[in-house]
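Data first, discussion second: the structure below is written as structure tokens.
The values are calculated or read from the model by the stated rules, or taken from the named source; none is laboratory data. These numbers come from a predicted model, not from an experiment. Virtual Cβ from ideal backbone geometry, glycine too; neighbours counted across all protein chains shown. Please note that ligands, DNA and RNA were not included when accessible areas were found on the heavy atoms of the full protein model with its side chains. Shrake-Rupley method; radii C 1.70, N 1.55, O 1.52, S 1.80 Å.
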Amino acid sequence: METIHVWRGPPGTDPYGNDVHGEPIPVLTLSAFVAPNHPAEPAQVGRNAIVTGYTIYVRTPTPTGIVATDLIEVRSPLDAGTATLDERRAHLLPVDGVPAAWISARGVRRGEQLAVKVVDG
């Protein structure tokens, strides 16, 4: 099990009245199974995309409250106790899609499964 940190920006509005999120802050710390994945990214001429992605399994009988707009700090090289918030923000991965319930074959809720992904390049 690994420790993941969930970050969320407080809701707000921009000058045009649109809903936006403010600067993200840590809101939740969980233990989870983390598996690397290689999500498909369409190839484009002249683009050398580097895709970083993980599938995260959070074991909990109740919903975590993670939403599709959250950011996840996973496998960060920084120590959460000593690194500044600005240093930690550089290692956040956006949730890719909506978190799904993790249900056993017997119909028992085991937790949630979610994916995170970032594409550079």
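Key figures
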| quantity | calculated |
| --- | --- |
| Max mean-square fluctuation residue, GNM over the chain, Cα-Cα springs under 10 Å, options Gly97, Gly111, Gly12 | Gly12 |
| Calculated FRET value between Asn18 and Glu87, using beta carbons and R₀ = 22 Å, to 0.05 | 0.15 |
| Theoretical ellipticity at 222 nm over the chain - DSSP helices of four or more residues, -39500 (n - 2.57) apiece, nearest 500 | -1000 deg cm²/dmol |
| Positive-end residue, the chain charge dipole about Cα centroid, Cβ charges, pick of His5, Ser31, Gly111 | Gly111 |
| Whole-percent carbon and sulfur share, accessible surface of the chain, 1.4 Å | 54 percent |
| Most to least accessible of Val95, Val108 (protein chains only, probe 1.4 Å) | Val108, Val95 |
| Average accessible area per residue (Å²) across the chain - probe 1.4 Å, nucleic acids and ligands excluded | 62 Å² |
| Candidates Ala32, Ala68, Ala105, ranked by Gaussian network fluctuation over the chain, Cα under 10 Å, top entry | Ala105 |
